[in-house]
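The values are calculated or read from the model by the stated rules, or taken from the named source; none is laboratory data. Model, not experiment: these values are computed from the prediction. Please note: Cβ atoms are built from the backbone with ideal geometry, for glycine as well, and neighbour counts cover all protein chains shown. Heads up: the accessible areas ignore ligands, DNA and RNA and are worked out on the full protein's heavy atoms, side chains in. Shrake-Rupley method; radii C 1.70, N 1.55, O 1.52, S 1.80 Å.
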Amino acid sequence: MSHQDNSNRSGVTHGRSAGVGPLAAQRGNQRRIAAPASTPAGRHAAVFASATICCAMAAGTAAGADLPDTQGPGALREGVPASATQSSGALEEVVVTARRREENMQTVPIAITAVTEETLQANNVQTFGELQYLVPSMSVGSATTRDAVNVTIRGQGLNSSNGLPGVIAYINEVPIPTDADSYLVGGPGLLFDLENVQVLKGPQGTLFGRNSVGGALLLQTARPGNDFGGRLQVGFGNYNERDIDGAIDIPIVSDTLLARIAVNGQVRDGFTHILTDPSHPGGVDEDNRDYWSTRGTVTFHPNEAFQNDTIVTFQTYTSHGSPFILTAVNPTGTVATLFPTLPALLQQQQALGPRTSVGTYSVNQSSGNLLAVNNISRVELGGDLTFRNILGYNEGKQTVAVDADGTPLPILETPSGPRRRTVRQFSEEAQVLGKSFAAKLDWIAGVFFLTDRQLPSAAYDVIFGGPADSEAWSKDRSKAVFTQGTYDLSAWLHGLRFTAGARYTWDDRFFDGGPVGGPYNETGQSDRAPTWTAGLDWQVAPRTMLYLTSRRGYRAGGSNGVDTTGKHAFPDFNPEFVVDFELGVKSDFDVGGIPLRTNADVYFQRYTDVQVQQFTTSIGSAITQNAAAAHLWGGELEAIAQLTRDLQLGANYSYLK
């Protein structure tokens, strides 16, 4: 028997499958790429290519608009706009923080896709699943509901259970927590009132808080303005859709104490009908949307040497989730033998089509909320020295219930009743940035600490008609020291720079679980590893840069938990490592008076001790283990043409093997 969910509104699907004995499940709601692995059983390869073409028409910024000053000493640049138009009809200069300082994206030797707030609105991007179509090499997969997602970049994502994600998402440089299955806490409603979204590709384990083998996703929220005013946008659509998006700036003390309040929300009926479930005998519409988000920001800027930003984001969502749809039954299989009415249900489902389900045994549910508190202080110490402190607290709650077989029969209910999870995360990062050797060396050094606690949660599952209840909680702790610098080698070759950085990380991960009510068995894994980056970039012309870089990323190991008795721990799994090499070019030029921008790169990744999920016959369950190695090759291209002042044409392409 197999089942499929086609809930992605964009119509682009890519399957994901998992097997338990004779039962296989498939969800096609998002494109998802798994890294190829070479194992004793044989070599497997996956090839993925994607292309996106888009155009936008918008009112341009006035000619001669001021550009952000990213070089001026002593300038407080927290929360500046992500971009500013240089002149009428010209391409924007995009300011990014990929190296923890503000720089023109075209001079940063990293493959970056930066999406401004204006672009998000023009393309009606409200979720990470919709963002993926603007970013080459990025794909988003969902868990058992459409609201909990995992981001994959260059084939690196969530390859195992109980593991850390391969791509870490940040809001104002603070990691967004993940649940016990390593899916992002927060659901829809995070992509609002932003300066920009930056997608950094390749290992980003040197400068950012948690090591990542695939990349980093940076959300930079908007800061208050010094003038009283705001905006409000409301929208309506089919399926009774209602949207609201707005923000207001409130200068409490001009130039000194500024506030901003932003709101965002969407309510929409579902577009997949369930004929019946235990709470809705008359039927219910799933794939609905109901979320509300608000954000308050206060900026305190008493003088030129100090600035503090406090940002509080709260968002809540609730929906009936995305249903599984029955698509096939093996008439001679074990499941059909246990449930002889399955073939008849399949015939009924085929007659109904993909947007109506025959019914569910348990109630699908997806709801939760996220409270994110960020506090960022910046102090100019003089002598080209700056101190920054980034404090973060996140608390997220998720409630999930899933009928994973798409029938009114008790085959796979995981969980059959609401499972409530709560995660609390605290992080602290201190940085010192400076310039040395007559400003030829830009450097940063810092320390990082994070603790993440998953509070006890019970899962009441029904599998093949019988209960399989369990309870678990976990705790992660990560500590790191890091430094990185870029040295100007123009004395040897004009426009040449060398970058090198290193980080050392200590990770401790603990898991406690067993049947509901005990007994419990605590297991744990402690890892430590160095990561690094090194590269050269050469400004061969005023608007063209070549770069070559290599990085090492690492993902901590973890625990596979305990068996259903709570007495015996499964084997732990070890860290995995990625070393990559990337060659790229970033260039702005004109053709026939039309400004163009082309950013392209090719890369190779050597992936060792790969964390993969494997079925182990001696245990009778799928657990995470370390495979040998994998090699990944790929390339990306982003091209933009500013055809007129108000018309822009862009194309993206990516290839991965």
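General observations
- Packing-based order for 188-198, 521-531, 252-262, using average beta carbon neighbours within 10 Å, highest first: 188-198, 521-531, 252-262
- Entry note, segment 387-484: relative contact order of 28 percent, from Cα contacts under 8 Å with a spacing of 6+ residues.
- Modelled spin-label separation between L637 and F437, with each label point placed 7 Å from Cα along the Cα-to-Cβ direction: 3.8 nm.
- DSSP-loop trypsin sites (Lys or Arg not before Pro) across segment 158-238, with at most 13 other Cβ within 10 angstrom: none
- Taking all protein chains as shown and a probe of 1.4 angstrom, R419 keeps an accessible surface of around 40 Å².
- Projecting label points 7 angstrom from Cα along Cα→Cβ for T337 and Q350 puts them 2.4 nm apart.
- Rounded, prolate or oblate (a/c below 1.5 giving rounded, otherwise prolate when a/b exceeds b/c) for segment 199-241 by Cα gyration tensor: oblate
- Computed over segment 320-381: relative contact order in percent, which uses C-alpha pairs under 8 Å that are six or more apart: 36 percent
- Under 15 Å from the Cα of K440 - aspartates and glutamates, other chains or at least 8 residues apart: D384, D488, D537
- Accessible surface of segment 522-566, 1.4 Å probe, proportion on carbon and sulfur as whole %: 60 percent
- The slack in the chain from T256 to T399, taken as 0.36 nm per residue of separation less the alpha-carbon distance, amounts to 47.3 nm.
- Exposure rank, largest accessible area first [I176, I594; 1.4 Å]: I594, I176
- The calculated FRET efficiency for T276 paired with F236, based on their beta-carbon distance and R0 = 35 Å, is about 0.70.
- Fully extending the segment from V373 to A622 would add 85.9 nm, taking 0.36 nm per residue of separation and subtracting the current Cα-Cα distance.
- Partner lysines for K201 [C-alpha distance under 20 Å; skip if fewer than 8 residues away on the same chain]: K586, K657
- Sites L548 and A445 - FRET efficiency at Förster radius 35 Å, r taken between beta-carbons, to 0.05: 0.90
- Taking label points 7 Å from Cα along the Cα-to-Cβ direction, T608 and L391 give a separation of 4.1 nm.
- Overall form of segment 109-158 per C-alpha gyration tensor (a/c, 1.5; a/b vs b/c): oblate
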